[in-house]
1. Considering segment 135-146 alone, what residues qualify as being buried (at least 17 other Cβ atoms within 10 Å of the Cβ) and either touching a residue at least 12 places away in the same chain (Cβ under 8 Å) or not assigned by TED's automatic domain parsing to the domain that holds residue 204 (or both)?
2. Please verify whether residue 80 is of a type outside the set (S, T, N, Q) and within 12 Å of ligand 1 (Cβ to nearest atom), treating the condition exactly as stated.
3. From the list 265, 288, 299, which one is within 20 Å of residue 66 (Cα to Cα), without any contact (Cβ under 8 Å) to a residue 40 or more places away in the chain and touching a Ser or Thr at 6+ places or on another chain (Cβ under 6 Å)?
4. Among the helices (runs of 4 or more DSSP H) confined wholly to segment 56-124, which include 3 or more residues that are within 15 Å of ligand 2 (Cβ to nearest atom) and under 20 Å from the mean Cα position of the chain (by Cα)?
5. Got a sec? Which helices (runs of 4 or more DSSP H) wholly within segment 149-262 have at least 1 residues that are within 30 Å of residue 97 (Cα to Cα)?
6. Return yes when residue 57 is farther than 24 Å from residue 211 by Cβ and at pLDDT 95 or above and no when it is not.
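The values are calculated or read from the model by the stated rules, or taken from the named source; none is laboratory data. What you see is a predicted model; the values in this text were computed from it and never measured. Because the Cβ atoms are built from the backbone with ideal geometry, glycine has one as well, and the counts that use them run over all protein chains shown.
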Amino acid sequence: MENKKELEQITNCALCANMCKHGCPVYLATGNETVTPQKKARLILYEKKAFIEDEKGFFDVMFQCAMCGACKLNCLYDNFDLRDFIQKERNEAFKKGILPDETRKRVETFARFGNPNGERRLIQKGEGEIGYFISCSTYSDQQLLKAVERILAKNGDHVQEFGGGDICCGAPLYYAGDSEGFKKAAGKMKEKIEQRKLQKVIISCPTCIKMMTEIYPEVGVHLDIEFIHITKFLHTLLKEGKITVNKVNATATFHDPCILAKELGITTIPRDIIKMLGFELKEPIYLGKEAHCCGGVPGGRIGDSKLVSKVNAMRINELKETAADVYISACPTCKAVLSDMDMKDIAEVVAEQIIDG
Ligand code: SF4
Ligand code: SF4
């Protein structure tokens with residue numbers, strides 16, 4: 001443990017009553033006590049005291065975490081985030097080469113292609129001081145990309161699109177514990193953004209925004225540009241009448257992406273958009289900052305696809321309880337992971353209702 005404060009923090013967590021586990025999706029989906037926040041803290045403490053014999057088993061537990069932030073949200077200590085400790089252990093796992101198979105494969109693909117999808121296509125369209133970054137997750141969803149492009153075409157301001165299969169914010173490397181690889185990806189991203197002389201960049205993926213605004217500075221990469229999530233952009237377009245939409249007569253449920261709600265604090269804006277489109281909102285039991293994680297992609301934040309499937313199934317069941325006509329989210333990864341229930345991205349729903357002319 002690096003310092004006395006950190007030792008005190010992890011000891012407090014290891015000895016805590018562990019009530020935050022009731023918001024932890026990996027615990028709720030599996031019932032496995034070992035993956036609760038407090039047990040993870042206890043394992044980290046034991047590891048620091050050299051009590052751990054099964055190193056592979058220890059690191060596996062560190063990857064049985066959605067890095068969703070529910071434990072931080074429900075923590076009884078101010079300014080304590082267990083994920084900081086889990087992240088350091090993932091960095092150790094990477095250095096020692098003890099990664100879950102699926103995580104290792106994603107890192108290898110990233111090393112070859114510069115993104116986790118194994119693509120090599122750079123998109124560059126349009127010009128202007130506003131950018132739309134096509135994240136690797138957005139590029140994987142051509143339906144979403146078409147919807148965004150339809151909206152951008154109706155918007156009066158010029159927006160240049162860039163990204164696609166060739167560049168990635170580096171989040172898969174960050175969550176895999178490859179801190180050096182992540183730093184390089186952040187540097188490449190900074191170069192790609194700065195060479196375009198942009199004032200602000202719109203992004204559909206909340207994780208990209210977290211990386212660029214919060215995690216890049218931690219590795220010494222600073223970008224003096226405003227990053228805005230697409231929900232804020234769509235909200236402004238609708239409010240200012242830059243796009244007009246037909247009203248629908250249907251019910252909708254919104255799934256809050258973890259990072260969008262818990263970290264970027266965006267929960268009412270997507271709901272306002274949905275209501276502006278005429279939908280009646282049907283809320284799930286867990287919503288806003290309390291919404292349970294979709295599980296993310298295997299090898300991404302959670303290192304094991306079986307665990308991802310369990311977290312995923314739990315969230316689908318919770319959402320289906322609303323019996324809404326349409327299910328909407330605002331993160332390309334959430335949409336992909338929840339595809340078993342016909343999820344749409346909010347940009348697709350807006351694009352479907354745009355009035356031409
Ligand atoms: S994360 Fe906070 S609330 Fe949860 S077990 Fe640790 S100290 Fe307790
Ligand atoms: S970040 Fe989420 S999945 Fe990980 S221990 Fe905390 S609540 Fe559980």
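1. 135, 136, 137, 138, 139, 140, 141, 144
2. So residue 80 passes the test.
3. 288
4. 70-73, 82-96
5. Details: elements: 171-176, 179-194, 206-210, 230-239.
Result: 171-176, 179-194, 206-210.
6. yes
Conditions tested, residue by residue: (1) crowded, with 16+ Cβ neighbours inside 10 Å; (2) among the acidic types (Asp, Glu).
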position	(1), (2)
112	no, no
117	yes, no
133	yes, no
148	yes, no
170	yes, no
180	no, yes
186	yes, no
195	no, no
206	yes, no
